[in-house]
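Let me begin by presenting the structure, written as structure tokens, before commenting on it.
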Amino acid sequence: TTKPIQIWTQGETESNSCWFPTIDKPNQKCTEEIYITHNRKYVSLSNGTLLTTTPVNDSMVTDHWKTELPFSPYLVMMAVGNFSIVHDRWRDIPVDYFVEPKYAPYAKKIFGNTPEMIEFFSQKLGFDFPWPKYDQVVVRDYVSGAMENVSATLHGEFLQRNSRELLDETYEDIISHELFHQWFGDLVTCESWSNIPLNESFATYGEYLWNEYKYGRDYADYKQYDDYRQYMDEAKRKNVDLIRFYYEDREDMFDATSYQKGGLVLHYLRKVVGDEAFFKSLELYLKTNQFKPVEIHNLRLAFEEVTGRDMNWFFNEWFLNTGHPELNIHYSYTADSLFVTIDQKHNIDKPLTYELPFTLGVYYGNAYDTMGAVLNKKTQTFAFKAKGKPDLVDFDPERFVLCQRTDDKTTDNYIFEYRHGQYFGQKYEALKKLNDLQAKNPAVKQLFIDALKDKFFFIRQYATTQVDIEGDSGEQALLTISQLAKNDKESAVRRAAIDKLAKAKNPAKYTALFEAAIGDSSYEVDAAALRALEKADSKKAMEIAKQLEPEKNVSIVRAVADVYAKDGNADYITFFENGLRSSTGYSKYSMFYYYANFLGRMDKNEVLKGIKSIEAVGDSSEGHFLPRAAKDAIMRIKDAYEKKKDEAQKSLANAQDKGEKIDLQEKISQYDAIISDAQEAAKRMNKKLEDKEE
């Protein structure tokens with residue numbers, strides 16, 4: 001194997017008692033001292049401060065780590081491996097990055113914003129970073145995304161990226177999330193897993209705060225919209241209280257409700273009490289409860305002391321309740337009055353009427369007014385003085401209120417909302433609502449063409465994927481998209497533009513553009529260009545795919561595998577077989593997928609060999625999800641040959657020539673053998689999955 005030798009631990013939820021004696025509950029607090037004896041060619045990491053390194057013999061040393069401030073046992077960690085340590089600082093506190101040696105040159109590009117994050121959070125919270133140092137280590141085959149161990153965060157291997165890969169994804173949200181935990185979760189810890197949102201909701205909201213400060217409101221809102229989407233997707237199948245005491249397994253608490261919904265609730269709480277009171281309340285909460293376990297009412301009491309208000313209503317609605325409101329909003333006007341009627345219902349069958357403070361945005365051309373009100377009835381009509389009929393009335397223009405909403409806005413309202421709205425949520429909502437009207441409404445189609453030049457990259461990216469490239473104005477759109485593909489500063493936009501051009505009626509028209517994009521500074525753009533070139537000039541794409549074969553980047557591996565799979569030449573079996581064995585992490589899962597596609601074009605013997613190879617890799621101990629990925633790939637092969645069998649049987653029923661019938665019968669026999677073999681292999685993989693779950 002090419003994997004480095006490493007030791008790492010994972011404590012959350014209650015696993016640390018497997019390697020040292022402790023009461024493995026979050027409401028416990030302890031100090032920590034550990035001696036780690038290891039080969040001197042490695043380095044160790046644990047919580048707190050490294051006091052001494054003592055030689056044992058010519059090959060071994062013992063490291064003595066100590067943490068004098070109390071914290072919960074699940075946050076104890078140790079790691080040993082061949083790590084390069086890249087040093088940084090925040091004020092007088094060491095901030096170090098432990099990475100594999102090949103990634104040492106990129107460590108400060110990966111983690112380099114950490115000192116600024118620590119300073120920002122310390123200032124924002126009115127509470128300086130509480131631990132004597134802050135380390136971050138990246139390990140292989142980690143069982144989760146990352147873990148906020150006290151003063152020593154552990155990250156999965158996906159965080160190790162070179163300069164080109166960092167252009168496409170930095171995973172900085174994970175870095176800020178785990179750092180915010182050093183206050184919320186480590187300094188002040190949930191007293192039970194039922195209260196895990198006091199850890200995870202805050203860490204999720206820490207991502208928003210950092211993005212808002214560092215990259216601006218549009219970017220923070222865009223990233224938070226993904227939190228909203230994840231929570232709403234989960235809410236379709238799972239409705240639970242944010243703070244809950246009735247879970248079947250404590251691991252069930254780690255879901256989109258505790259993370260994404262909780263972060264959105266904190267965002268709304270910030271709006272309800274105002275920025276000054278919000279952050280003063282967090283400061284009081286941290287100072288009052290430092291080094292202690294807490295429950296949700298400790299947070300409520302801090303907000304009540306700072307605001308002087310009873311906050312039970314908010315905490316009962318959002319933290320101690322299930323789901324979110326669904327709002328139907330109707331706007332009407334007279335000469336000098338504006339009426340807003342809101343009908344609210346719960347998204348599950350539970351008798352609750354929310355109390356919802358909200359803001360109304362009212363637009364008259366370029367003039368903009370805001371009005372505040374509180375919704376507290378099932379159906380309620382609000383009357384406001386108006387300056388005439390407005391061009392747009394928008395409930396909660398900043399999108400603070402966590403809800404599903406239906407507005408009776410017109411097409412013209414949404415066009416106005418995109419062109420005059422100040423916030424990301426307004427612009428994105430308008431484009432989504434108008435998307436299906438492009439073919440029927442020239443003004444809407446022009447709006448999408450204009451959105452290709454929006455100042456915010458994600459709006460450009462979304463408009464690129466959705467703009468209608470048919471009809472008279474299609475060429476205008478394609479011209480702008482081709483310029484984005486060449487010149488946009490954001491790799492995500494360049495990639496989307498290339499993908500869109502590949503869907504044009506005549507992708508060959510853009511062959512030179514696709515070929516020029518090969519070798520882009522971004523791997524994602526490079527990969528998109530190769531896939532697009534396959535549609536424009538498959539022969540040229542095959543030549544370039546061969547040149548890119550040595551690349552290890554997962555995006556390039558996927559693109560090369562995709563091109564080879566579509567070509568279907570048996571000469572590329574070796575590429576897939578070698579790729580299955582040599583690829584690591586997410587690349588291996590991709591290789592399963594594309595190898596399955598490739599085998600869908602092969603003869604019986606190659607397919608049967610391929611199924612064995614997929615099963616063998618899925619049967620290995622490497623990787624937690626490999627058996628499932630292998631099973632999915634095998635089922636994909638089975639489905640492909642069942643489809644081929646159906647087509648052959650239809651042809652056989654209509655065949656007149658004897659030779660053709662014999663040939664079709666032979667094919668059906670081969671397809672049956674493949675289907676049977678795949679079914680048996682899938683059963684064996686399924687048994688592996690069941691064994692793992694046990």
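Checking the structure you have, find out if any residue of region 344-354 is at pLDDT 95 or above, of a type outside the set (Ser, Thr, Tyr) and outside any helix (DSSP H, G or I). No, because not a single residue in region 344-354 is at pLDDT 95 or above, of a type outside the set (Ser, Thr, Tyr) and outside any helix (DSSP H, G or I). The single residue among Ala570, Ala559 that is on the phi < 0 side of the Ramachandran plot, open to solvent by less than 40 Å² (accessible area, probe 1.4 Å) and out of contact with any strand residue (DSSP E or B) (no Cβ under 7 Å at 6 or more places or on another chain) turns out to be Ala559.
Every listed requirement among (1) within 30 Å of Arg237 (Cβ to Cβ); (2) without any contact (Cβ under 8 Å) to a residue 24 or more places away in the chain is met by Glu304 save one, (1).
Scanning region 518-543 for residues that are part of a helix (DSSP H, G or I) and open to solvent by 10 Å² or more (accessible area, probe 1.4 Å) yields Tyr523, Glu524, Arg531, Glu534, Lys535, Ala536, Ser538, Lys539, Lys540, Met542, Glu543.
Only a single item in (1) closer than 26 Å to Ile34 by Cα; (2) buried (at least 20 other Cβ atoms within 10 Å of the Cβ); (3) without any contact (Cβ under 8 Å) to a residue 40 or more places away in the chain is not met by Ser46, and it is number (3). Within region 316-337, being hydrophobic (A, V, I, L, M, F, W, C) and either within 30 Å of the chain's Cα centre (by Cα) or at pLDDT below 95 (or both) holds for Trp318, Phe319, Leu320, Leu327, Ala335.
Please go through (1) open to solvent by less than 30 Å² (accessible area, probe 1.4 Å); (2) farther than 24 Å from Leu548 by Cα; (3) among the basic types (Lys, Arg) for Lys505 and return the number of the only condition it doesn't satisfy. Only one criterion in (1) open to solvent by less than 30 Å² (accessible area, probe 1.4 Å); (2) farther than 24 Å from Leu548 by Cα; (3) among the basic types (Lys, Arg) is unmet by Lys505, namely (1). Here Thr465 passes the criteria (1) in a helix (DSSP H, G or I); (2) touching a strand residue (DSSP E or B) at 6+ places or on another chain (Cβ under 7 Å); (3) surrounded by fewer than 16 Cβ atoms within 10 Å (Cβ to Cβ) except the one numbered (2).
Conditions (1) within 28 Å of Asp619 (Cβ to Cβ); (2) over 27 Å from the mean Cα position of the chain (by Cα), marked per residue:
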position: Lys509; (1), (2): no, yes
position: Ser521; (1), (2): no, no
position: Ala545; (1), (2): no, yes
position: Ile556; (1), (2): yes, no
position: Ile573; (1), (2): yes, yes
position: Gly579; (1), (2): yes, no
position: Ser583; (1), (2): yes, no
position: Ser587; (1), (2): yes, no
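When Gln446, Gln466, Gln461 are checked against the criterion of being touching a helix residue (DSSP H, G or I) at 6+ places or on another chain (Cβ under 7 Å) and farther than 18 Å from Gln224 by Cβ, a single residue qualifies: Gln466. Only residues that are touching a Gly at 6+ places or on another chain (Cβ under 8 Å) and surrounded by fewer than 21 Cβ atoms within 10 Å (Cβ to Cβ): list them for region 373-394, please. The one that is touching a Gly at 6+ places or on another chain (Cβ under 8 Å) and surrounded by fewer than 21 Cβ atoms within 10 Å (Cβ to Cβ): Asp391.
When you check Asn321 against the structure, is it within 28 Å of Arg237 (Cα to Cα) and loosely packed, with under 14 Cβ neighbours inside 10 Å, yes or no? Break it down into steps so the answer makes sense when it comes.
On the way: within 28 Å of Arg237 (Cα to Cα): yes; loosely packed, with under 14 Cβ neighbours inside 10 Å: no.
When the stated conditions are applied, Asn321 does not pass them.
Taken over region 664-680, the residue count meeting the criterion of being open to solvent by 80 Å² or more (accessible area, probe 1.4 Å) and more than 45 Å from the chain's Cα centre (by Cα) is 2. Among the residues that make up region 51-60, is at least one of them in contact with a strand residue (DSSP E or B) (Cβ under 8 Å, 6 or more places away or on another chain), surrounded by 20 or more Cβ atoms within 10 Å (Cβ to Cβ) and either without any contact (Cβ under 8 Å) to a residue 60 or more places away in the chain or not in a loop (DSSP other than H, G, I, E, B) (or both)? Checking region 51-60: not a single residue is in contact with a strand residue (DSSP E or B) (Cβ under 8 Å, 6 or more places away or on another chain), surrounded by 20 or more Cβ atoms within 10 Å (Cβ to Cβ) and either without any contact (Cβ under 8 Å) to a residue 60 or more places away in the chain or not in a loop (DSSP other than H, G, I, E, B) (or both).
Pairs are defined by a Cβ separation below 8 Å, a sequence spacing of at least 6 or placement on different chains, a first member in region 108-119 that is open to solvent by 60 Å² or more (accessible area, probe 1.4 Å), and a second member that is of a type in the set (S, T, N, Q); the pairs so defined are Lys109/Ser163. With respect to the conditions (1) part of a helix (DSSP H, G or I); (2) within 22 Å of Ala502 (Cα to Cα); (3) of a type outside the set (Gly, Ala, Ser), Lys433 falls short on a single one, namely (2). For the residues Lys588, Lys683, the requirement of being of a type in the set (Lys, Arg), surrounded by fewer than 18 Cβ atoms within 10 Å (Cβ to Cβ) and under 30 Å from Glu251 (Cα atoms) singles out Lys683. For region 426-444, the candidate set comprises residues that are open to solvent by less than 20 Å² (accessible area, probe 1.4 Å) and not aliphatic (A, V, I, L, M); within that set, the residue that is farthest from Tyr363 (Cα to Cα) is Gln438. In the set (1) crowded, with 21+ Cβ neighbours inside 10 Å; (2) in contact (Cβ under 8 Å) with a residue 40 or more places away in the chain; (3) within 19 Å of Gly425 (Cβ to Cβ), Phe180 fails one condition alone, (3).
Scanning region 139-165 for residues that are touching a Phe, Trp or Tyr at 6+ places or on another chain (Cβ under 7 Å), open to solvent by less than 40 Å² (accessible area, probe 1.4 Å) and among the small types (Gly, Ala, Ser) returns Ser151, Gly156.
Residues considered: Ile611, Ile544. Of these, the only one that is β-branched (Val, Ile, Thr), at pLDDT 90 or above and over 26 Å from Lys644 (Cβ atoms) is Ile544. Of the set (1) open to solvent by 50 Å² or more (accessible area, probe 1.4 Å); (2) farther than 23 Å from Pro101 by Cα, all apply to Asp24 but (1).
Here is a check on your reading of the model: is Tyr589 touching a residue at least 12 places away in the same chain (Cβ under 8 Å) and under 30 Å from Leu167 (Cα atoms)? Judged against the criteria, Tyr589 is a match.
Given Tyr368, Tyr363, which one is under 36 Å from the mean Cα position of the chain (by Cα), of a type in the set (Phe, Trp, Tyr) and either under 14 Å from Tyr331 (Cβ atoms) or not in a strand (DSSP E or B) (or both)? I'd like the intermediate steps shown before the answer.
Details: Tyr368 fails: either under 14 Å from Tyr331 (Cβ atoms) or not in a strand (DSSP E or B) (or both).
Criteria check complete, one pass: Tyr363.
The values are calculated or read from the model by the stated rules, or taken from the named source; none is laboratory data. These numbers come from a predicted model, not from an experiment. All Cβ positions, glycine included, derive from the backbone under ideal geometry; neighbour counts span all protein chains shown. For the accessible areas, the whole protein counts, side chains as well, though only heavy atoms, and no ligand, DNA or RNA atoms are used. Shrake-Rupley method; radii C 1.70, N 1.55, O 1.52, S 1.80 Å.
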